[in-house]
Amino acid sequence: MTIDAQEILEGKPQTIGALLAWRIEQTPHAQAYKFRDRDDQWASIDWTETGRLAERIGAGLLDLGLGLEDRVAIVSSTRVEWVLADLGINVAGGATTTIYPNTQGEDFDHIITDSGSRFLFAEDAEQLAKLRAHPASDAQIEAVILMDGDGDGDHVLSWDELGERGDRALANDPGMVKRATDATTGDGLATLIYTSGTTGRPKGAELTHRGWAYEGFAVDRVHILGPDDLQYLWLPLSHVFGKAIASCQLAIGFQQLVDGRIDRIVENLGEAKPQIMCGVPRIFEKVRATVFLSARRNGIQGRIARWAFAVGRDSRPYRLAGQPMPARLRASYALADRLVFSRLRATMGDNIKVLISGSAKLNAQVQAWFYSAGILIIEGYGMTETSAITFLTPKESPKFGSVGPALPGTQVRIADDGEVLIKGPGVMRGYHNNPAGTAEALTDGWYHTGDIGELDENGYLSIIDRKRDVMKTSGGKYVSPAKVESVIAAEVPYVSQVVAVGDGRKYVSALLTMDADNVLKWAALRGIEGQDYAQILQNPDFQTTVAHGIKRANEKLERWETVKRFEILPSEFDVDSGVVTPSQKIRRAMIAKRYAGVVDSLYDDEPVEDE
């Protein structure tokens, strides 16, 4: 049965401020956020306290002069203060401009100036220094609120000083924030998120209050997250995926563990034991790689692990179909679970019900590997311009390699050239200050994603690649770089980043960067001493190990997709060099330019025949 978007939102709050008030009314004393305090101890706040803190922040901003839809920028890692600042901005009728904490230079300056932000929440002095480095942006910002650090008595306020200012304003006018919330409409601007800018200057997608409300209540209809769940929020809240999860929380009422420090993920999983964690494919790939590298391949532990995952592979068809396993396989799986799979689940807190992957394409092989161990990863799909969660795989009927059907109330169609088109409440109202870009992206309400995809008979979408990224070899074969890259990442556990090249060439090659920790583990397992990271990369045995991984990957690709040559680069692609966006997306054109000599060397004599 088709569900209309209006049905999803009927009788529901239409703005973030109204949604927060509704959540407080529904579950006033339920825990909202769990986090580490300034002494690094666990703390938590309930929904009533969350509302009070958001109100005092909103009042402080209104007292500073915030007006309806005025932009307030936040540049910070994921932490509870980010969440509270965002809520405070929205309940006061303002709009949040998100900035990645690793955004630098011209991009930082552009986002501040193009957004017209009047105020800035900065995590610390380092982030404040970025503003000071750009006179035009600095002059535009009327007040800075530091999450960590002291104010200067003038232009810069501390976090506590803003709260105290809000308290004084509320004492004089208790209804000021509620009036601002009531004046906000569902069509009003709630969030301004700038796209990654892989092919040009970042564009600001204008996302509305109603769009976020729809996201939350539509995801609730899919029944993946429940009000009693604890979700681990480490994703950047500057990214649309993190913001979407925060909106879902308001609609559904689950608790969130908030800690954006990636190096604390394993520790936090073990201590807090969440039921749900949203992540990006690279996190799940790293977990899998760590397991692969945790024991010598020829040792007893390695042999047991390989046997267990072979049993898990044989079990998948029965479990996916909801059918009982044959008695012998059932007994083997129980033993494999006790010896291997239970230990893997224990490292993730032993309480995970489902993992949700988004932001980039998840390799189906990685997804199947986790499922073998009894850990379900479901994949979703969306974009900044569609409020992130547009497709989501049901946990009751996963399909590896698919991002699932569209959320209830969202329409989808595939254009004649294979491009995925999306229409629904989650679609942005346009690009900020960019009518030409808006006209190009939106046609009669349909957003052109730029992704090539396919729908199956059940409405499940499979993403093939970015429309502009598909390569064509000199032999006329079309190749999806994303497919090649994800297969290599799944087969070579030492890999950090992969970029497939070969447009207009006779065959496909790859540029690889390595995960330093895993490379050092490789050396330690082989008793190699006295070699640093750079020397290990050049070690002939390591090169052979990587080549064997590429060979395994090629066995899973079509002949014309196989990687004939590769080059291991000495360091990872990073934001500072301009070849990676703040959201860690690869800028292919920049890489092709910067590494043109390396790429050319892979085709110097081109003796390999195109297949």
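The values are calculated or read from the model by the stated rules, or taken from the named source; none is laboratory data. Keep in mind it's a predicted model, so treat the numbers as computed, not measured. Backbone-built Cβ (ideal geometry, glycine too); neighbour counts: all protein chains shown.
General observations
- When the range 418-453 is filtered for residues that are closer than 19 Å to Ala244 by Cβ and without any contact (Cβ under 8 Å) to a residue 24 or more places away in the chain, nothing remains.
- Count - residues of the range 91-117 that are of a type outside the set (Gly, Ala, Ser) and out of contact with any Ser or Thr (no Cβ under 7 Å at 6 or more places or on another chain): 8
- Being buried (at least 24 other Cβ atoms within 10 Å of the Cβ), within 24 Å of Ala21 (Cα to Cα) and under 20 Å from the mean Cα position of the chain (by Cα) holds for only one residue in Leu230, Leu207, and it is Leu207.
- Residue that is surrounded by the fewest Cβ atoms within 10 Å (Cβ to Cβ), among those in the range 8-48 that are more than 28 Å from the chain's Cα centre (by Cα) and within 28 Å of Glu69 (Cβ to Cβ): Gly11
- Qualifying residue in the range 539-553 (condition: under 26 Å from Gln365 (Cα atoms) and aromatic (Phe, Trp, Tyr)): yes
- For the criterion of being among the β-branched types (Val, Ile, Thr) and without any contact (Cβ under 8 Å) to a residue 60 or more places away in the chain, Ile45 passes.
- Taking the listed residues Ala171, Ala139, the one that is closer than 22 Å to Tyr100 by Cα, assigned by TED's automatic domain parsing to the domain that holds Ser76 and over 32 Å from the mean Cα position of the chain (by Cα) is Ala139, with no other qualifying.
- Strands (runs of 3 or more DSSP E) (entirely within the range 376-432) containing at least 3 residues that are in contact with an Asp or Glu (Cβ under 9 Å, 6 or more places away or on another chain): 419-423
- Qualifying position, being within 23 Å of Glu267 (Cβ to Cβ) and without any contact (Cβ under 8 Å) to a residue 12 or more places away in the chain, among Arg338, Arg303, Arg328, Arg343: Arg343
- Filter pass, Gly322 being modelled with pLDDT of 90 or more and assigned by TED's automatic domain parsing to the domain that holds Lys423: no
- Taking (1) outside any loop (DSSP other than H, G, I, E, B); (2) surrounded by fewer than 21 Cβ atoms within 10 Å (Cβ to Cβ); (3) out of contact with any Lys or Arg (no Cβ under 9 Å at 6 or more places or on another chain) in turn, Ala368 satisfies each apart from (3).
This table checks each residue for (1) in contact with a Pro (Cβ under 9 Å, 6 or more places away or on another chain); (2) in the same structural domain as Ile591 (by TED's automatic domain parsing); (3) among the basic types (Lys, Arg).
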residue	(1), (2), (3)
Leu192	no, no, no
Lys203	no, no, yes
Thr208	yes, no, no
Ala218	yes, no, no
Ile224	yes, no, no
Asp229	yes, no, no
Phe241	no, no, no
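- Test result for Ala180, surrounded by 24 or more Cβ atoms within 10 Å (Cβ to Cβ), assigned to a helix (DSSP H, G or I) and in contact (Cβ under 8 Å) with a residue 40 or more places away in the chain: no
- Among residues of the range 109-137 that are aromatic (Phe, Trp, Tyr), those with a beta-carbon under 9 Å from a residue that is surrounded by fewer than 17 Cβ atoms within 10 Å (Cβ to Cβ) at least six positions away or on a different chain give the pairs Phe119/Gly65; Phe119/Glu142.
- Test result for Pro281, in contact with a Leu (Cβ under 9 Å, 6 or more places away or on another chain), at pLDDT below 90 and of a type outside the set (D, E, K, R): yes
- Qualifying residue in the range 579-593 (condition: of a type in the set (Lys, Arg), exposed (fewer than 14 other Cβ atoms within 10 Å of the Cβ) and in contact (Cβ under 8 Å) with a residue 12 or more places away in the chain): no
- Of all the criteria given as (1) free of Cβ contacts under 8 Å to residues at least 24 places away in the same chain; (2) more than 27 Å from the chain's Cα centre (by Cα); (3) under 21 Å from Pro481 (Cβ atoms), the one not satisfied by Asn539 is (3).
- Some residue of the range 210-220 being part of a helix (DSSP H, G or I), of a type in the set (Ser, Thr, Tyr) and modelled with pLDDT under 95: no
- Among residues of the range 57-80 that are at positive phi, those with a Cβ under 9 angstrom from a residue that is part of a loop (DSSP other than H, G, I, E, B) and β-branched (Val, Ile, Thr), sequence gap 6+ or separate chain, pair up as Glu69/Thr184.
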